[in-house]
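Here the structure is laid out as structure tokens; the discussion comes afterwards.
Just so it is clear, none of the values below were taken in a lab; they were calculated from the coordinates. The structure displayed is predicted, hence computed values, not measured ones. Here the Cβ is made from the backbone with ideal geometry for all residues, glycine too, and neighbour counts use every protein chain on show.
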Amino acid sequence: MPVAGDPVDAYDLVSAARDLIRVDDRSTAGLWPRASAMLCRQAIEASLDDLWGLRCPAMRETSTKCQLLCLGDFLHDVELAGRVSATWDGLSRACHVRVYELAPTVEELQSWLEGAWELADAVARQGG
């Protein structure tokens, strides 16, 4: 379990998001879907930051949209990059609360979390 001040790890963030989905607690009813989405988004951000630290530190200064456009070339996996980009779009909608939109479903969250985990794995392989 991470301690305050420790570097953020994408796997820990995804695991925490999955825990929120599994917990049946009345005190988190209505809150956990967006909290899980936020953790998933942070996991993707952490993986991207790790990748740029390994491959191209200057990419950290670009927008997330730009980073996602370049991701396939850096990972040598256009399919995964496309899934991560689509996941990012879904997470962006889920994390910006609008009163007329429903929170993400469990199925959506699980799919997004799988994508975030796959990205973390791909970045870990880059580190060797």
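Stokes-Einstein diffusion coefficient for the chain at 10 °C in a medium of 1.306 mPa s, Rh from the Kirkwood formula over Cα pairs: what value in µm²/s?
In µm²/s, the coefficient is 105.
Note down the magnitude of the dipole of the chain about its Cα centre, charges +1 on Lys and Arg C-beta and -1 on Asp and Glu C-beta and zero elsewhere, to the nearest 20 debye.
Rounded to the nearest 20 debye, it is 320 debye.
For segment 4-125, build the charge dipole from Cβ charges (+1 Lys, Arg; -1 Asp, Glu) around the Cα centre, then report which of Ala122, Pro104, Ile21 sits farthest towards its positive end.
It is Pro104, whose Cα lies furthest towards the positive end.
Students often get this wrong: which residues of segment 13-41 have the backbone nitrogen under 14 Å from the point 7 angstrom along Cα-to-C-beta of Thr64?
Those under the cut-off are 35-41.
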